[in-house]
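S.K.: Just passing along the structure, written as structure tokens.
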Amino acid sequence: MKVELMQFSAVLLMATLTLKLILQPRRVTCSPIVNRSRWLLAGGTTLLGIQFLLQLLLGLRAQGVYAAVMLNIAFFIPCTVLFCLAIINLQRQGILSRWEKFIGIPVWLLALALIFFGIKTGDPSNMGGSSLLRWTEIGASTIFAALIFYYFIHQIRYMKIIRRAVANFYDSDLRDLLSWMQWSIYLLAMMAILAPLMIFTQGALLAIFAIMILLSIFYLIDCFCLYIVSNAPEKVVEAQQNEEDVRSEEVSDLQQKSEDRISESSLHRVELAVAAWIDKRGHLQTGLNLPNAAEEIGVPRYLLSAWLKQRGLHYSDWLTALRIDEAKQVMRAHPDWSNESIAQHCGFSDRTYFQRKFKDLTGLTPNDYLTQ
């Protein structure tokens, strides 16, 4: 009875998540990239819902754990692939390689072939599962885990690219906007790693594993919906476009100068211009992205980006460090100023962000710094 109740709850949850994905605001559905990821996720939750519904109606767990595993693998592989593709589609702005798009199909077919081989050559009267059937299902689960590991490696690499693009465009640290995506990637990988070990279990361990899967999927879908209704996707796209523009400007300028790399004299010119800009307190403006800063400094943005890269700095980290230095001077000169006033003076978006970054860089809160 407990198993049936868990399966029924899973069916309701998948139906609810699918409806949540379908019934998104019109302004969200106008974006083709977001829309594609939305339907990929909806396809995954639909498949999972069908899987749990069939488990409930056919009572496969009562027939034996291996009979249930056959259905699990048949549905769980394609639905997890759809989840992975939805994330990569967001990361790559709709540009997926052929391998990423289609590698799941042969892996799924191979897993099904292994299962059918085990059924065909096993003992048909033993629906609980023969030894051969057990090993073929373990093999299918291991193949599934390898597939998700392939996607995991690509997703982590794309995450690093996105985080770098965001850090090199905005004046504040917006990388937390993508933390849900990072956690979703880890959760999908965790599910794949545990599947070969726990998919054959029963009782309390089965319930724990099922709850972990359902909570992971709920987290993925809920965070995705919150992400797409915010302005975060537009911010990420703008940052990624800046990275492409910086590369294009660098290639174009070097070709015009018949040079193969940026000269030291050019970087030295940037350093002098940056120093003059800092002396004028240009870095204390709020909402100053890299193209705007480069324009005010009077250098091409690709040169400013190259100058920062030479020093191993991201734009947001560099600007934040400058503002924290300014905040220290202001706090010493005006100990009566509130954190709100200091944050506004130094170009921080709000008091909370200023306090968090101040502690990150100094190890102290602003009040603790003043008392010292």
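S.K.: Give segment 40-60 a look and list any residue that's surrounded by fewer than 16 Cβ atoms within 10 Å (Cβ to Cβ) and closer than 26 Å to C225 by Cβ, or say none.
M.R.: The one that is surrounded by fewer than 16 Cβ atoms within 10 Å (Cβ to Cβ) and closer than 26 Å to C225 by Cβ: I50.
S.K.: Continuing with the same structure: Restricted to segment 246-275, and to residues that are in contact with a helix residue (DSSP H, G or I) (Cβ under 8 Å, 6 or more places away or on another chain) and among the small types (G, A, S), which residue is nearest to Q344 (Cα to Cα)?
M.R.: Only one residue fits best here, namely A273.
S.K.: Here's another thing I want to ask about it. Among the numbered criteria (1) open to solvent by less than 70 Å² (accessible area, probe 1.4 Å); (2) in a helix (DSSP H, G or I), which single criterion is violated by L272?
M.R.: Checking L272 against (1) open to solvent by less than 70 Å² (accessible area, probe 1.4 Å); (2) in a helix (DSSP H, G or I), the one that fails is (1).
S.K.: Would segment 280-288 turn up any residue that is open to solvent by 50 Å² or more (accessible area, probe 1.4 Å), part of a helix (DSSP H, G or I) and of a type outside the set (V, I, T)?
M.R.: No: zero hits.
S.K.: In segment 129-179, how many are touching an Asp or Glu at 6+ places or on another chain (Cβ under 9 Å) and under 15 Å from Q91 (Cα atoms)?
M.R.: The qualifying residues number 6.
S.K.: Here's another thing I want to ask about it. Those residues that are in contact (Cβ under 8 Å) with a residue 40 or more places away in the chain, open to solvent by less than 80 Å² (accessible area, probe 1.4 Å) and in a helix (DSSP H, G or I), I need them from segment 334-350; list them, please.
M.R.: Answer for segment 334-350, where residues must be in contact (Cβ under 8 Å) with a residue 40 or more places away in the chain, open to solvent by less than 80 Å² (accessible area, probe 1.4 Å) and in a helix (DSSP H, G or I): H345, C346.
S.K.: Here is a follow-up. How many residues does segment 307-333 contain that are out of contact with any helix residue (DSSP H, G or I) (no Cβ under 8 Å at 6 or more places or on another chain) and assigned to a helix (DSSP H, G or I)?
M.R.: 5
S.K.: Which one of I185, I161, I228 is surrounded by fewer than 19 Cβ atoms within 10 Å (Cβ to Cβ), β-branched (V, I, T) and within 23 Å of S31 (Cα to Cα)?
M.R.: Answer to the check: I161.
S.K.: While we're on this one: If you go through segment 89-112 one residue at a time, do you hit one that is open to solvent by less than 80 Å² (accessible area, probe 1.4 Å), at pLDDT below 90 and under 33 Å from the mean Cα position of the chain (by Cα)?
M.R.: Yes, that holds for at least one residue.
S.K.: Residue by residue through segment 323-362, note down the ones that are touching a Gly at 6+ places or on another chain (Cβ under 9 Å) and either among the hydrophobic types (A, V, I, L, M, F, W, C) or over 20 Å from K280 (Cβ atoms) (or both).
M.R.: S349
Results for (1) open to solvent by 60 Å² or more (accessible area, probe 1.4 Å); (2) closer than 28 Å to R163 by Cβ; (3) touching a Cys at 6+ places or on another chain (Cβ under 8 Å); (4) of a type in the set (D, E), shown as yes or no for each residue.
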| position | (1), (2), (3), (4) |
| --- | --- |
| Y315 | no, yes, no, no |
| T320 | no, yes, no, no |
| Q329 | yes, no, no, no |
| R356 | yes, yes, no, no |
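S.K.: Moving on. Just wondering, is there one or more residues in segment 162-176 that are outside any helix (DSSP H, G or I) and among the aliphatic types (A, V, I, L, M)?
M.R.: Yes: segment 162-176 contains one or more residues that are outside any helix (DSSP H, G or I) and among the aliphatic types (A, V, I, L, M).
S.K.: Could you count how many residues in segment 179-223 are at pLDDT 80 or above and more than 22 Å from A146 (Cα to Cα)?
M.R.: 10
S.K.: Among (1) under 30 Å from E249 (Cα atoms); (2) of a type outside the set (D, E); (3) touching a residue at least 60 places away in the same chain (Cβ under 8 Å), where does Y353 come up short?
M.R.: (1)
The values are calculated or read from the model by the stated rules, or taken from the named source; none is laboratory data. Computed from a predicted structure; not experimentally measured. Reconstructed Cβ throughout: ideal geometry from the backbone, glycine too, with neighbour counts over all protein chains shown. The protein model used for the area step is the full one, side chains on, heavy atoms only, and it has no ligands, DNA or RNA in it. Shrake-Rupley method; radii C 1.70, N 1.55, O 1.52, S 1.80 Å.
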